[in-house]
Ligand code: KG4
Ligand code: ZN
């Protein structure tokens, strides 16, 4: 069966085509993404109204291109899957209405997909580490521009939230603090490289998070920042304190004209962000011992986080699945993959499907 997956929840218009074979094998046939980053970069972040208009302008051509890349006609599509929640409501509505029209016009079943579950499902399209678990249960870590969440998946479609951010998301904090360091939106990938430079300067013999934790610089506490992991027994996060402390520290150095290394600061910030994610992931693993871990979302492309998760899973003797960098950010293939699960579970949608900004799982 060919699945057409549509994603328009934020600033990427994406259409994927995935072939699902009867033995369960998933093969990507097309992965078209129109990134709006150059447009939003002018404003330092996503402008929702501009995002909706840009989705409208590109979605139709993107679907045509995806079909021709896959070498199939619309009548050969067996399932239409679309992200319906959560996200920017105007942006989501473009994808949902396109999917409904496509499904209605070609008489193809339609399924609605949750954006976080779709991110996680990317690991079943491809994983750079262990193959994704053959069956639930598993733990899912979603780290993105809008989420920092841990879930326990009892089935392919039923997720229970184990921990989440109570304010800002991890990706949002990389983007906002990165902006202060002069990095263009979205700052994540450049922040990652800057932090690597910082680790190389602060702990040259072991330029990693571990090396930094053991370094004289860390012990001196010059770049001390608060942890975004809540210490109240929950697996929740609060990134707003880390963000505010970072803003204050950067302004303090600038106002006093003191020497300040953006690279070393990026390393210290990355250390706290990654340590917090690992700490809360360990709490979730304590609750569900032995559960395999699947990590996903735009921030799961972060090289320091990937390394830390590899180490954590090795220490706990559990399997880790991570999508390749090309499938960490928003894409249509991840929507296809989760859409297929929803279809197999009988969760069909129809033309009454609506988009929702609500952050429910
Ligand atoms: O999953 P995604 O594409 O969109 C949302 O669902 O939010 O995630 C986008 C986020 C942005 O905040 C971006 O800066 C961040 O992922 N990101 C990274 C890296 N690559 C992308 N953050 C840290 N390190 C990276 N290498
Ligand atoms: Zn996303």
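Quick look at the values:
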{"quantity": "Every residue from segment 250-266 that is free of Cβ contacts under 8 Å to residues at least 40 places away in the same chain and in contact with a helix residue (DSSP H, G or I) (Cβ under 7 Å, 6 or more places away or on another chain)", "calculated": "260"}
{"quantity": "Filtered residues of segment 71-97 (kept if in contact with a helix residue (DSSP H, G or I) (Cβ under 8 Å, 6 or more places away or on another chain), over 23 Å from residue 360 (Cβ atoms) and not in a strand (DSSP E or B))", "calculated": "73, 74, 75"}
{"quantity": "Matching residues in segment 218-248 - criterion: being farther than 14 Å from residue 176 by Cα and outside any loop (DSSP other than H, G, I, E, B)", "calculated": "218, 219, 220, 229, 237"}
{"quantity": "Options 99, 130: the member that is in contact with a strand residue (DSSP E or B) (Cβ under 8 Å, 6 or more places away or on another chain), away from ligand 1 (no atom under 16 Å from the Cβ), over 27 Å from residue 79 (Cα atoms) and not assigned by TED's automatic domain parsing to the domain that holds residue 249", "calculated": "130"}
{"quantity": "Selected residue (criterion: surrounded by the fewest Cβ atoms within 10 Å (Cβ to Cβ)) from residues of segment 285-305 that are closer than 15 Å to residue 170 by Cβ and more than 13 Å from ligand 2 (Cβ to nearest atom)", "calculated": "303"}
{"quantity": "Residues of segment 110-139 satisfying the condition of being assigned to a helix (DSSP H, G or I), more than 16 Å from residue 326 (Cα to Cα) and touching a helix residue (DSSP H, G or I) at 6+ places or on another chain (Cβ under 8 Å)", "calculated": "117"}
{"quantity": "From the options 149, 127, residue that is crowded, with 17+ Cβ neighbours inside 10 Å and within 25 Å of residue 233 (Cα to Cα)", "calculated": "149"}
{"quantity": "Any hit, segment 187-198, residues being away from ligand 1 (no atom under 16 Å from the Cβ), in a loop (DSSP other than H, G, I, E, B) and buried (at least 20 other Cβ atoms within 10 Å of the Cβ)", "calculated": "no"}
{"quantity": "Subset tally (residues that are within 16 Å of ligand 2 (Cβ to nearest atom) and assigned to a loop (DSSP other than H, G, I, E, B)) for segment 6-32", "calculated": "4"}
{"quantity": "Yes/no for residue 211 being part of a helix (DSSP H, G or I), at pLDDT 95 or above and more than 16 Å from residue 262 (Cβ to Cβ)", "calculated": "yes"}
{"quantity": "The listed residue being in contact with a helix residue (DSSP H, G or I) (Cβ under 8 Å, 6 or more places away or on another chain), touching a residue at least 40 places away in the same chain (Cβ under 8 Å) and away from ligand 1 (no atom under 13 Å from the Cβ), out of 320, 305", "calculated": "320"}
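The values are calculated or read from the model by the stated rules, or taken from the named source; none is laboratory data. Note that the coordinates shown come from a computational prediction; the quantities given were computed from them, not determined experimentally. Quick reminder, even Gly has a Cβ in these numbers, built from the backbone with ideal geometry, and neighbours come from all protein chains shown.
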